[in-house]
1. Here is a check on your reading of the model: is B:Ala306 of a type outside the set (Asp, Glu) and under 27 Å from B:Leu71 (Cα atoms)?
2. Just one of the numbered conditions (1) surrounded by fewer than 19 Cβ atoms within 10 Å (Cβ to Cβ); (2) farther than 19 Å from B:Phe351 by Cβ is not true of A:Met21; which one?
3. Please go through the stretch A:69-83 and pick out each residue that is of a type outside the set (A, V, I, L, M, F, W, C), within 12 Å of chain B (Cβ to nearest Cβ) and over 14 Å from A:Ala122 (Cα atoms).
4. Looking at the structure I just gave you, is B:Lys359 over 24 Å from the mean Cα position of the chain (by Cα) and either away from chain A (no Cβ under 14 Å) or under 16 Å from B:Tyr317 (Cβ atoms) (or both)?
5. Could you list, in sequence order, all residues of the stretch B:18-28 that are within 14 Å of chain A (Cβ to nearest Cβ) and touching a strand residue (DSSP E or B) at 6+ places or on another chain (Cβ under 8 Å)?
6. Return the residues of the stretch B:197-210 that are surrounded by fewer than 24 Cβ atoms within 10 Å (Cβ to Cβ) and either hydrophobic (A, V, I, L, M, F, W, C) or more than 15 Å from the ligand (Cβ to nearest atom) (or both); say none if nothing qualifies.
7. Do you know which of the residues in the stretch A:92-103 that are in contact (Cβ under 8 Å) with a residue 12 or more places away in the chain and surrounded by fewer than 21 Cβ atoms within 10 Å (Cβ to Cβ) is nearest to the other protein chains (Cβ to nearest Cβ)?
8. Quickly run through the stretch B:97-140 and pick out the residues that are in contact with a Pro (Cβ under 6 Å, 6 or more places away or on another chain) and more than 24 Å from B:Met375 (Cα to Cα).
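What follows draws every value from the coordinates through simple rules; no lab data is involved. These numbers were taken from a predicted model, which means no experiment stands behind them. Because the Cβ atoms are built from the backbone with ideal geometry, glycine has one as well, and the counts that use them run over all protein chains shown.
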Amino acid sequence: MTLEEKQQEIIDEFAIYDDWMDKYEYIIELGKELPIISDENKTDDKLIEGCQSRVWLNTAVEDGKMSFTADSDAIITKGIIGLLIRVLNDETPKEVATSDLRFIKEIGLHEHLSPTRSNGLASMVKKMKLSAIAAS
Amino acid sequence: MITDGISIPFDVSRIRKDFPTLHRQVNGRELVYFDNGATSQKPQLVIDAITEYYTENNANIHRGVHYLSQLATTQYEDARKIIQNYINAPLSEEVLFTKGTTDSINLVASSLGELFSEGDEIIISAMEHHSNIVPWQMLCERKGCTLKVIPINEAGELMMNEFDQLLTPKTKLVSVTHISNTLGTINPIEEIIKKTHDVGGYVLIDGAQSVQHIKVDVQALDCDFFAFSAHKVFGPTGVGVLYGKKEILDQMPPYQGGGDMIAKVTFEKTTYNELPHKFEAGTPNISGGICLGTAISYLSELDLNAIQAHETELAKYAEEKLLQFEGLRIIGTAEHKTSVVSFIVDGVHPFDLGTLLDKQGIAVRTGHHCTQPLMDFYQIPGTVRASFAFYNTKEEIDVFIHAVERSLNMLK
Ligand SMILES: Cc1ncc(COP(=O)(O)O)c(C=O)c1O
C-alpha cells in the first residue's frame, strides 16, 4: 500500500463515526494496541517534552525504509501516534520527508497537531520528517 | 446595590443572562465553562463598554485639551477611583494600571528590586504561579539576593512554622499568592503580613485569584502591594492593577521610561512625573482600564457573601460527586479553600480526560497550571482543574460529572 492509500484507508475508517466520542473511542483503542516502548528506550534524547503530554520517538532506517516506534504517557496522543506510524512506517526517507499528512485534517484531528496544543505531536512529526531528510 | 445588609436573593439564572458566552454551544453541546481560574467570561455590560469607548469616546489621555481627550481621561481616572474604592485603597494614585498580574509583579521586582542588594532575602511559597517565581529569580540573579520558599503540607497549606524560621532581619520582601490557582487554598496572608512587617520586610500579595471571590481591603490587610488581572474579574484582557503604598512607591525608581511618566525632559536631566503616572509610561490600555472599571462596578453590585456561599456550595458538591469515582484523588484539600477543584485519577492522564471533556462541551484546564514546582511536590504530571465562578450551577456540575463518568469508562 502506498502512503497515500494508507491515508485514504484511515479516512474511510473514520468516516463511519459522526460522533466525536465514538471517534475518540476508536483512537483510544488504537492507543491501547500500540506497543509500549520499554523503559530503557525512553531515554531523554528520545523524549519530546510537550506541555500537556510527553512523547518518546525512536527512529531507525532498515533496508532503505523508515522505521518509527513511539510512545506517550497520554493514551489519546498515543492513538494518534499509532495512526502517524501506520502511514509513515516502511516508506522511503524521501516519501516521509515530502509527505502531506492530510488525513489528520480530514478526520478532524488537526487540532492535535497544532503547536499550541503542546502535546508533543507537532514536534514529533517535525522530528520524523527531519530524520527522514537526514536519511535521504 | 447591597450596601445596608438588605440583600437581593442570589439568582444564578438571572446573572447568567448577563454573560453571552455562557449560552453558546461547543462541539454540539451547551458550553459548561469551568475554566474561570484561567479567565472569566465577560458580562454584556463590559462588552458594550468596550464598543462604546471605541465608537464614541476614543482619544488619547492626559495629553489633549480637546473634548474627547478630556472625556477619555476623565473616564480612565474614574475607573481608577472605582478600583480604589473596591479594594479600599487610601489614595487613587496608589492604584497603578498595568498589563496584568504578571506585569504588576515584574514592576515591583524591577523597581523595588533596584533598592535591594547582595544578601537580601526574598520569600515566596511552594504554590506560586510561575509569574510570582521567575521575576524574583531574575532579580536574585541580578542583585545577588537569596530566594527562599515557604513549604506546603500534603493538603496544600503553607507550613507557617517553617515560615517563621525563614523570616530574618534580611527579609526584604515576601511575595505570596492570596489564593492558589491550582489548589484553591486561601492563605493566611494577614499573619504573613504582620510577621513580615515585624522584621521590617515588605509584602506583595498576588491577588489574581482572590478579588473575584472574596472581599479585599488593602488597608485592613495592611499589605504593601496587591496585584491582580482584569480578565479574571470579568474585565478585558491586557490590563491589570498594582496597588502600592504611596510612601514605598515614592521611593521606588521608575519602571519604564517614556511619555506620560515624565515631568520635564531635557537631554541633560529628566525629572519624573508624580504617582501614578511615574509608573505608567506610554499610552496605556485606555479602553481596558475604563472597562475594568465597568467590570468592578458590576461586581460591586453583587452580594459578595452570597457569591462566596454559592461558590463554596458548588465546590463542595463537585468534590462529593467526584470522590465517588474509584481512584480519583483531589489535589488541594486545605481547610480554607475557594471554588477550585483539582484532581487526578489513577491510570488516567489529565490530558486525555481534558480532551474528552472538551468534546462533550466542557471547558476545564489540564496540565501544570503554570505551577510546575507544585506538581513536582505532588509528583504528578498535572491535574484536571475545574474552577467555578458565581454564574456556574449545580446542574452544570451534574453534566460535568456525567461527562467525567463517560470519559473514565472509555479511558480505563
Ligand atoms: C495566582 C496567579 N498569579 C498570577 C497569574 C498571572 O496572571 P496574568 O497571566 O493575568 O498576568 C495567574 C494567572 O493564571 C494566577 O492564577
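1. Numbers: of a type outside the set (Asp, Glu): yes; under 27 Å from B:Leu71 (Cα atoms): no.
Here the answer is no, as B:Ala306 does not meet what is asked.
2. Evaluating A:Met21 over (1) surrounded by fewer than 19 Cβ atoms within 10 Å (Cβ to Cβ); (2) farther than 19 Å from B:Phe351 by Cβ leaves (2) as the failure.
3. So in the stretch A:69-83, the residues of a type outside the set (A, V, I, L, M, F, W, C) come out as A:69, A:71-73, A:77-79, A:82.
After this cut, where a residue has to be within 12 Å of chain B (Cβ to nearest Cβ) as well, the list is A:72-73, A:77-79.
Within the stretch A:69-83, A:Asp73, A:Gly79 meet the criteria.
4. Values: over 24 Å from the mean Cα position of the chain (by Cα): yes; either away from chain A (no Cβ under 14 Å) or under 16 Å from B:Tyr317 (Cβ atoms) (or both): no.
No.
5. Going residue by residue through the stretch B:18-28, those that are within 14 Å of chain A (Cβ to nearest Cβ) are B:25-28.
The one that is within 14 Å of chain A (Cβ to nearest Cβ) and touching a strand residue (DSSP E or B) at 6+ places or on another chain (Cβ under 8 Å): B:Val26.
6. Step one: filter the stretch B:197-210 for residues surrounded by fewer than 24 Cβ atoms within 10 Å (Cβ to Cβ), giving B:197-203, B:210.
B:His197, B:Asp198, B:Val199, B:Gly200, B:Gly201, B:Tyr202, B:Val203, listed by residue number.
7. As a first pass, look at the stretch A:92-103 and keep what is in contact (Cβ under 8 Å) with a residue 12 or more places away in the chain: A:92-97, A:99, A:101-103.
So of that shortlist, the ones also surrounded by fewer than 21 Cβ atoms within 10 Å (Cβ to Cβ) come out as A:92-95, A:97, A:99, A:101-102.
Numbers: A:Thr92: 33, A:Pro93: 31, A:Lys94: 33, A:Glu95: 30, A:Ala97: 29, A:Ser99: 25, A:Leu101: 20, A:Arg102: 22 Å.
Going through the qualifying residues, I end up with A:Leu101.
8. The first filter runs over the stretch B:97-140 and keeps only residues in contact with a Pro (Cβ under 6 Å, 6 or more places away or on another chain), leaving B:97, B:105-106, B:109, B:111, B:114, B:126.
Result: B:Phe97, B:Ala109, B:Ser111, B:Glu114.
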